[in-house]
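Taking it in order: structure first as structure tokens, then the write-up.
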Amino acid sequence: MASLKFSHSNGNPFAVTRHVTPRSTRPTRIGFKIFASDNHSEPDLSVCVNGLQMPNPFVIGSGPPGTNYTVMKRAFDEGWGAVIAKTVSLDAAKVINVTPRYARLRAGANGSAKGQIIGWENIELISDRPLETMLKEFKQLKKEYPDRILIASIMEEYNKAGWEELIDRVEQTGIDAIEVNFSCPHGMPERKMGAAVGQDCALLEEVCGWINAKATVPVWAKMTPNITDITMPARVALSSGCEGVAAINTIMSVMGISLDTLRPEPCVEGYSTPGGYSCKAVHPIALAKVMSIAKMMKSEFNDKDYSLSGIGGVETGGDAAEFILLGANTVQVCTGVMMHGYGLVKKLCDELKDFMKKHNFKSIEDFRGVSLQYFTTHTDLVRRQQEAIRERKAIKKGLQSDKEWTGDGFVKETESMVSN
């Protein structure tokens, strides 16, 4: 597998550097290392990831919240740090969605309609809009918001020429980076698209090679959780030239069966198909996957030269802080926006700042990855606990017999046996 070598670019450290030299030399596509300034009395949420300067780490995740010009413009206006558009491919005519395409899981007895929504399943496919339409809207957005970060999410069939054409066309719009969808769990796996690539490391390495030989902007590989060891495809993606990884995409699921109709949900003409699970219920799973990737990146790569975008069940600033504490540079939100609207970003920023103030963190980099050091093996946990028990036993709690009383320590010895 190929390896990446990074070099600093001269000039403005926040500019996105696009190289047009032959890809065989594997030059860097980034302008500077991940950076966040800390010269503010208030916590600074800004981040610079793979040369992309963002006002905050909150990114619209690829999906319905980035499906057209109107909603992406709204996201920028509300203050999101970056927007990842809904996944596009060369031939949108092959993409046919159905309705209904979502189903929800609520907390509470028997899934009460009044219970909090904790799970969300979708059987939605990638963008069904003509590629040319999406490209025009990308170009318009970059014209209106030249300093904001717009990321194209792409997916194509197992065809080198197809991938190269798609990359060339999206880059011509001025987008700032590419996220490659190697992780959609449903729809068109027979065409070697989505998770069909992300679950096959040999196939992933080949396709990443095509992509990174063509792309002139930073590339993130979006990982599927529907695999035994998520570090394996993440390692392949980074070794094959990607500047970052994003995790996780949705988890393959069946939302439930109606006990009235005996039909699965979401129900389309009496039938359904397994889909992708998201929302609050996947958050702990996403944290574990991100932790595993971050530890791998820290031990095997220079994680300052690569980026990690955490995804899964983010609805509060605290949810986001957890991902950052595990090493994420940015945090993506998709289902949360569908449930709470684009204004959610203000709440996320306020709550993340409150967390930072509590711990006297001035920048995102101050606490990124801090919690990774507290993960270990179960064997080590047993050793640590046994050692702690031995230490506690070595510290006497009170006197065991009258012969232990001393004249010098009488008052303290008395206090050691008082219960309140």
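Brief remarks follow.
- Beta bridges per DSSP, both residues in the chain: antiparallel share near 40 percent.
- Here the simple spin-label model places points 7 Å from the Cα toward Cβ, and for ASP147 and LYS73 these points are separated by 2.0 nm.
- Volume per residue for region 316-391 equals 128 cubic angstrom (convex hull of Cα atoms).
- On Cα atoms only, tilt of 131-144 relative to the major axis of the chain in degrees: 60 degrees
- Checked against a 31 Å cut-off, the cross-linked pairs LYS73/LYS298; LYS304/LYS358; LYS160/LYS346; LYS139/LYS222; LYS114/LYS222 give Cα-Cα distances beyond that limit for LYS73/LYS298; LYS160/LYS346; LYS114/LYS222.
- Candidate values (1) 91, 65, 41; (2) 78, 55, 37; (3) 70, 66, 49 were compared with Cα extents along the principal axes in Å computed on the shown model; the agreeing label is (1).
- Extension gain (nm, one decimal) between ILE118 and ASN420, 0.36 nm per residue minus Cα-Cα: 104.4 nm
- A DSSP coil position with no more than 16 other Cβ atoms inside 10 Å describes the following trypsin sites (Lys or Arg not before Pro) in region 158-250: LYS192.
- The angle between the Cα long axis of helix 160-171 and the longest principal axis of the Cα atoms of the chain comes to about 80 degrees, rounded to the nearest 10.
- Region 217-264-region 329-376 distance, computed between alpha-carbon centres (Å): 21 Å
- Nitroxide proxy distance, nm - points 7 Å out along Cα→Cβ at ASP350 and ASP366: 2.1 nm
- Computed extension gain for VAL411 through GLN140, at 0.36 nm per residue and net of the alpha carbon distance, reaches 89.6 nm.
- Leading residue at positive end of dipole, the chain (Cβ point charges), from ILE293, SER258, PHE138: ILE293
- Treating each Cα of region 149-298 as one equal point scatterer and applying the Debye formula with no solvent, the log10 of I(q)/I(0) at q = 0.09, 0.12 Å⁻¹ comes out as -0.32, -0.54.
- Computed over protein heavy atoms with a 1.4 Å probe, the accessible surface of the chain works out to 47 Å² per residue.
- Probe 1.4 Å, all protein chains present, accessible-area order of HIS378, HIS283, HIS359, largest first: HIS378, HIS359, HIS283
- Here the accessible area of region 47-374 is 53 percent carbon and sulfur, with a 1.4 angstrom probe and all protein chains present.
- In a DSSP loop and with at most 11 other Cβ atoms within 10 Å, the trypsin sites (Lys or Arg not before Pro) in region 111-152 are LYS114.
- Estimated from the Cβ-Cβ distance and a Förster radius of 60 angstrom, the FRET efficiency linking ASP380 and LEU262 is about 0.80.
The values are calculated or read from the model by the stated rules, or taken from the named source; none is laboratory data. These numbers come from a predicted model, not from an experiment. Here Cβ is always computed from backbone atoms with ideal geometry, including for glycine, and neighbour counts include all displayed protein chains. Only protein heavy atoms, including side chains, enter the accessible area calculation; ligands, DNA and RNA are left aside. Shrake-Rupley method; radii C 1.70, N 1.55, O 1.52, S 1.80 Å.
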